[in-house]
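The numbers here are math on the coordinates, done by the rules we state, and not lab data. Quick caveat: nothing in here was measured; it's all calculated off a predicted structure. Neighbour counts run over all protein chains shown; Cβ positions are idealised from the backbone, glycine included.
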Amino acid sequence: MNLAQLREERPLVHHITNEVVMNFSANGLLAFGGSPVMAKEREEVEEIASVASALVLNIGTIRKEDIETMIKAGQAANKAGVPVLLDPVGAGATTFRKQAVQRIVQEVDVSVVKGNAGEIAALADIPLKVKGVDAEEEGDAEEIAVEAAKRIQTMVVVTGKRDVISNGEEFTTSSHGTPLLGSITGAGCLLGSLMAACMAIEKDKKEAALFALEFYNKAAERAEKKAVGPGTFIPHLLDELGKDDD
Ligand SMILES: Nc1ncnc2c1ncn2[C@@H]1O[C@H](COP(=O)(O)OP(=O)(O)O)[C@@H](O)[C@H]1O
Ligand SMILES: Cc1ncsc1CCOP(=O)(O)O
Ligand SMILES: [Mg+2]
């Protein structure tokens, strides 16, 4: 994965995402070196998705009418060869969310699904308890990642204390980061934006996902050292995302 190339090209990442994190994701992606655009009007999503360098579908505050919009955008991206990242936020919390993401993975050729253990387990119908948008128990992240990737036939990234990437046959684990990431909202969503930007530059999806995971979590480790709490962690994280990896 060539970070200098990413920062030179500034890939345009089209987001159909939740209202909670829009601003944070845009700022974090800009700091990293990408170019964000948030657009969810059904009339325009196909046009934007097909000229973007990557598409993020994040169901955090999804409403019924948004499902169709996400599918349209995803299919336009597929036609144009634009990679699609799905974040099944809160998929384990309600039947509505679970069915929405299950429909999206059926109708869109999703390049990578990234979520916490509870969300990925729900999407793949693997039993696990969840509460709201956070996983209540991590379960076996490796087992969930491999089984989910096998069932939905796409690359899966399970995030948490340990992050696991799997294609359904093998898995790779990464253990960087800080629990402070769990004290701010949008930490997972922003990781998805970075991963999508990396997929625009690096065609090997696993390499792109692993680079984004490690770069992001190492930036968070550096930010933690400078922060006094979640409030000051956020600006330090944004600053660290703009630096080179060590
Ligand atoms: N306890 C932890 N220790 C280190 N890193 C963590 C921890 N929990 C989450 N992370 C990191 O925070 C980011 C968001 O992960 P997670 O909290 O699972 O997502 P979400 O916010 O979508 O639930 C990931 O980069 C993950 O590696
Ligand atoms: C709190 C909340 N509620 C709906 S979407 C959202 C943001 C979730 O962000 P993340 O999954 O990155 O923690
Ligand atoms: Mg999340």
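Look at Leu12, Leu181 and count the other Cβ atoms within 10 Å of each Cβ; fewest to most, that gives Leu12, Leu181.
Beta carbons within 10 angstrom, averaged per residue: use that to sort the peptides 209-218, 59-68, 97-106, highest first.
Output ranking for 209-218, 59-68, 97-106: 209-218, 97-106, 59-68.
Counting neighbouring Cβ atoms within 10 Å and putting the fewest first, the residues Lys40, Lys79 line up as Lys79, Lys40.
Between Asp125 and Asp204, what's the calculated FRET efficiency when r is the beta-carbon distance and R0 is 30 Å? Round to 0.05.
In this case the efficiency is close to 0.55.
Here the Gaussian network model covers the chain, with springs between Cα atoms less than 10 Å apart; of Gly231, Gly34, Gly81, Gly231 fluctuates the most. In whole percents, the pair-distance distribution calculated for the stretch 136-193 from its alpha-carbon pairs, binned every 5 Å from zero, is 4, 20, 26, 23, 17, 8, 1. Comparing Phe32, Phe233, Phe96 in a Gaussian network model of the chain where C-alpha atoms under 10 Å apart are linked, the largest mean-square fluctuation is found at Phe96. Treating r as the C-beta distance of Ala39 and Ser175 and R0 as 45 Å, the FRET efficiency rounds to 0.80.
With both labels modelled 7 Å from their Cα along Cα-to-Cβ, the Gln5 to Glu143 distance reads 3.9 nm. Highest GNM mean-square fluctuation among Leu29, Leu191, Leu180, for the chain modelled with Cα contacts below 10 Å: Leu180. Compared with the direct C-alpha span, the chain from Glu65 to Ile184 gains 40.0 nm at full extension, assuming 0.36 nm per residue.
Compare the Cα positions of Ala197, Phe171, Ser35 along the charge dipole of the chain (+1 at Cβ of Lys, Arg; -1 at Cβ of Asp, Glu; about the Cα centre) and return the one farthest towards the positive end. Positive-end residue among those listed: Ser35. Ranking Ala49, Leu238, Ala4 by how far each Cα lies toward the positive end of the dipole of the stretch 3-238 (charges on Cβ) leaves Leu238 at the top. Dipole check for the stretch 18-122: with +1 at the C-beta of Lys and Arg, -1 at the C-beta of Asp and Glu, and the Cα centre as origin, the magnitude is about 300 Debye.
The ranking of Met199, Met38, Met155 from fewest to most other beta carbons within 10 Å of each one's beta carbon is Met38, Met155, Met199.
Taking a ≥ b ≥ c as the square roots of the Cα gyration tensor eigenvalues, the chain comes out rounded, since a/c falls below 1.5. Normalised by residue number, the volume inside the convex hull of the Cα atoms of the stretch 50-173 is 93 Å³ per residue.
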